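J.: I'd like to ask some things about the structure below.
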Amino acid sequence: MFISGYAVVAGAAERLVLGYDSFGNICGQKNTPVEGANLSGLDMTNKKYVFFLDSCSLETQSLKISSLSLCVSSCPQQQLNSLEDLQSFARNNGSFLCVYNLNVSSYTLNPKAAELCPTLPVPPSKSFPLFNRCVPQNPECYSKYASVLISMVNEMDVFHRILSGILAGRDTVIGLSVLALAFSLMLVLAFRFIQPLLIHTLIALVVFGLLFVSGVLWWLHYDYRNDPSTELETEKENVKFLLGYAIFSTIITVVLLSLIFVLRKRLPFAVQLFQIVGKIIGRIPFLLFQPLWTFLILIVFWVFWVAVLLSLGTAGTAQSTSGGQVEYRALSGICYMAWYHFVGLLWTSEFILACQQMVIAGAVVTCYFNRNKNNPPPHPVLSSISVLFCYHLGTAVKGSFLITILRIPRIVLLCLYNILNQKKNAKHLFSCCFCWVCLQKSCLRYFNQHAYTTTAINGTNFCTSAKDAVSILARNSAKLASISCFGDFLLFLGKVFVVCFTVFGGLMAFNYHRELQTWVVPLLLVGFFAYLMSHSFLSVFEVTADAMFLCFAIDMETNDGTAEKPYFVDQELLTFVSQSNKLTEGREHRNTRPFQDNEDGTELQPMV
């Protein structure tokens, strides 16, 4: 799968957030020596703040600040007027403001101390909460310092600004991911022991979440747009992203509220559907815990992916200059490698989810095609996992690759939105293309899922299974669609619930850290992770229901309910399907053939 290798050295984004001195040492961690730089490779674990020796006269060019910088353990909170004050501050606070190779006892004795120590007087400063810099509090110095820092951040390319935002908000991203996990687990338990009140509560929470998140997004956009202190390029990007989020959220809210209103009368039907699915899940040991393993695998992969992304963004070569200082030069072509790496995120995530779907489908197929319902087959989940790894990994790879192929055009169309936004005809064309791609991806995901079930039944490859699944669905689409439509919609509302409340938590958390942080992109990443988590957990019900109905369709086509070829389906499911499709009323119609006959009349058996 597409997983990029680690870059050799850390650089721009990590150094920007954590801070680094003029000798190549990253503040707050241990460092490796750089050839030709005697003061590199120092242990800066306890020295987390960057201090500029001439903080009142900073100049920048090509992301380089002219003043010498050091890693210090604390910033001077009072003005220091002499070398004696510097010496006293170092001894009392353990924070050395002169170059590392100058001993504290030599501050007042060394004739070169004026060159190796900060320009006097040293203004009082405080540590900047986001980028770990000692920011001068003197109004004149602060104005100069802020203008230089703004200029430096604005000169960065978008890729590195995004990486700096991810690094700066990494703790918040992790916390929001845990919140999404908690919401997903709560919904799994709710759907497992579903009751009418729970469904009404879920719908009410989704409606509230959609309206509230849309309102908060519009409010934040208005607040940012009318904030006179908006100077940074990252803050201007936040305004644009917030507008896009607000429009998208409003459209989704209107569409979903309309669908909820139209389908409101089918709530009792949905309750009965999930009760049947819950009983099937209850018959298969440990099936409900399958998403936990998938979630752990996804977490490991996502952590690895983010680590590689940061390595790609911070890749650079350290080169020593005259005077023993160090400069970092970024590697060329890194931005193109980042796109390659992003495709790897989509494909690998879809592959992991496809493996889970095949395991669930295989377990459901094994239990469905079991004559003795009171004596289920032993270890159906483990059996399905072994069949997947021995025979059908290629099926999961192909299915996930097709989903990824359709995801990429959708992302490209989103990126082109800003370009086409001012042209009405082009904007209309964009909207049509985007809707077409989304529709194709949704249909492909639906058919992929049934292809996995057909593979579990017949043991055929992906292409053959997909063809068979399309054939079966084409013959029975009118009957099966009415059964699974509202159930899938309710599960989708569950996913929307998780994403809405996770994004709302992200909006509140990130809004407290506006300065120098492209937080809307980490927020988008959090929303993506929240959706994948909820999809991973709730797909147990979705895949179980779809596999059950596909098995039912094959059962009806293959068997006729006679003693020679009895149905595999139990009475409860048959009655439910018959009532929902108005096929029959009463037991006397049990032997009728509600689905199209199969010509050869052979009985399909699950692959074991």
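J.: Evaluate the Debye formula for segment 19-154 with equal point scatterers sitting on the alpha carbons, no solvent, and hand back log10 of I(q)/I(0) at q = 0.11, 0.14, 0.15 Å⁻¹, in q order, two decimals.
T.: -0.37, -0.60, -0.70
J.: Hey, another quick one. Heavy atoms of the protein only, probe of 1.4 Å, neighbouring chains included. What is the accessible area of Met508 in Å², nearest 10?
T.: Probe radius 1.4 Å; accessible area of Met508 about 70 Å².
J.: For Ser125, list long-range residues whose amide hydrogen, built 1.01 Å from N in the peptide plane, is under 5 Å from its own amide hydrogen.
T.: HN-HN under 5 Å from Ser125: Gln77, Gln78, Gln137.
J.: Taking a 1.4 Å probe, which of Leu263, Leu109, Leu53 shows the most accessible area, and what order do the others take after it?
T.: The ranking, largest first, comes out as Leu109, Leu263, Leu53.
J.: Could you tell me which of the pairs Lys398/Lys495; Lys398/Lys467; Lys467/Lys495 are separated by over 23 angstrom between their Cα atoms in the structure shown?
T.: Lys398/Lys495; Lys467/Lys495
J.: In whole Hz and in residue order, list the ³J(HN,Hα) couplings for segment 220-226 that follow from phi through the Karplus curve 6.51 cos²θ - 1.76 cosθ + 1.60, θ = phi - 60°; x for Gly and Pro.
T.: After applying 6.51 cos²θ - 1.76 cosθ + 1.60, I find 5, 4, 5, 5, 5, 5, 9 Hz.
J.: Considering only protein heavy atoms, with the full assembly of protein chains and a 1.4 angstrom probe, order Thr404, Thr119 by accessible area, largest first.
T.: Descending accessible area places them as Thr119, Thr404.
J.: Give me, ordered by chain and number, the residues 5 or more places off Tyr20 or on other chains with an amide H under 5 Å from its own placed amide H.
T.: Residues meeting the amide H criterion: Cys27.
J.: Need the full-extension length gain, Trp219 to Gln77, defined as separation in residues times 0.36 nm minus the C-alpha distance. One decimal, nm.
T.: In short, 47.4 nm is gained.
J.: Can you compute the modelled spin-label distance between Arg475 and Gln579, with each label point 7 Å from Cα toward Cβ, in nm?
T.: About 2.8 nm, to one decimal.
J.: What list of ³J(HN,Hα) couplings, whole Hz, do you get for segment 26-38 from phi and the Karplus terms 6.51, -1.76, 1.60, once you set θ to phi - 60° and write x for glycine and proline?
T.: Here the 3J(HN,Hα) series is 7, 5, x, 7, 6, 10, 9, x, 10, 4, x, 10, 5 Hz.
J.: Run the quick spin-label model on Leu267 and Cys390: label points 7 Å from Cα toward the beta carbon, then report their separation in nm to one decimal.
T.: Distance between the two pseudo-spin positions: 4.8 nm.
J.: Around Ile360, with a cut-off of 10 angstrom between Cβ atoms, what is the net charge of the other residues, counting Lys and Arg +1 and Asp and Glu -1?
T.: Spelling it out: positives minus negatives among the neighbours equals -2.
J.: A follow-up question, please. Quick check: net charge around Ile203, other residues with Cβ under 14 Å of its Cβ, Lys/Arg +1 and Asp/Glu -1?
T.: Value of the local net charge: +4.
J.: Further question on the same structure: Obtain the nm distance between the two label points defined at Ile297 and Ser88 by a simple spin-label model: each point lies 7 Å from its Cα along the Cα-to-C-beta direction.
T.: For Ile297 paired with Ser88, the spin-label model returns 6.5 nm.
J.: Kindly write out, for segment 381-386 in residue order, the coupling ³J(HN,Hα) from the Karplus curve 6.51 cos²θ - 1.76 cosθ + 1.60 (θ = phi - 60°), rounded to whole Hz, with x marking Gly and Pro.
T.: Result, rounded to whole Hz: 5, 4, 4, 5, 5, 5.
J.: Around Val34, under 12 Å between beta carbons, what's the net of Lys plus Arg minus Asp minus Glu among the other residues?
T.: Net local charge, Val34 excluded: -3.
J.: Here is a further query. Which length gain, in nm to one decimal place, applies between Tyr340 and Thr562 when the Cα-Cα distance is subtracted from 0.36 nm times their residue separation?
T.: Residue separation times 0.36 nm, minus the Cα-Cα distance, leaves 74.3 nm.
The values are calculated or read from the model by the stated rules, or taken from the named source; none is laboratory data. Not measured: the values here are computed from a predicted model. Ideal geometry is used to build each Cβ from the backbone, glycine not excepted, and the neighbour counts take in all protein chains shown. Accessible surface areas use protein heavy atoms only, side chains included; no ligands, DNA or RNA. Shrake-Rupley method; radii C 1.70, N 1.55, O 1.52, S 1.80 Å.
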